[in-house]
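The values are calculated or read from the model by the stated rules, or taken from the named source; none is laboratory data. Here the structure is a predicted model, which is why all the values come from computation and not from measurement. Glycine also receives a Cβ, built like all others from the backbone with ideal geometry; neighbour counts cover every protein chain displayed.
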Amino acid sequence: MEKKEKKGFWASLFSSKPCKCSGATAYAIPAGEMKNVTDEAAAGDLHSIKEIKVLGPGCAKCKSTFSVVEKVIKGSGMEVRLTKVEDMEEIMRYNILSTPAVVVDGKVMLKGKVPNEAEVRRMLGLS
């Protein structure tokens, strides 16, 4: 009979466990590819943006990020679906460790900070 090793709180957080989410897909853009995504959008591919998600548990930074993105979208006249995702299971599907995060058409474009309007315009290819 095998004896189970007892783990402390922090060890249990960082131990490898099988994912309980069925069909979870993680999206991430390596730092080198971030430039390519915004260049494509700047080249006139704006009409292909269909959905923008702001990921966060509902903290002040997440709410600020949502309002900045909303203001830029309204000011640009773009017709996209803007949603705020507060469900932690949904956020984990994007492999996000720090919030707020902005996801454009399934691709993580920004994470871990509140963007200003210029950064959002650049991210969407408006500047």
Quiz item: Can you name the residue in the stretch 92-127 that is of a type in the set (Val, Ile, Thr) and over 20 Å from Ile49 (Cα atoms) and is also modelled with the highest pLDDT among such residues?
Solution: Val114
Quiz item: Quick one: in the stretch 57-70, which of the residues that are modelled with pLDDT of 90 or more and assigned to a loop (DSSP other than H, G, I, E, B) is nearest to the chain's Cα centre (by Cα)?
Solution: Pro57
Quiz item: For residues in the stretch 71-82 being surrounded by 12 or more Cβ atoms within 10 Å (Cβ to Cβ) and either farther than 17 Å from Arg122 by Cβ or of a type in the set (S, T, N, Q) (or both), which is modelled with the highest pLDDT?
Solution: Leu82
Practice problem: Filter the stretch 89-127 for residues that are over 12 Å from the mean Cα position of the chain (by Cα) and either in a helix (DSSP H, G or I) or at positive phi (or both) and give the result. | Solution: Glu89, Glu117, Ala118, Glu119, Val120, Arg121, Arg122, Met123, Leu124, Gly125
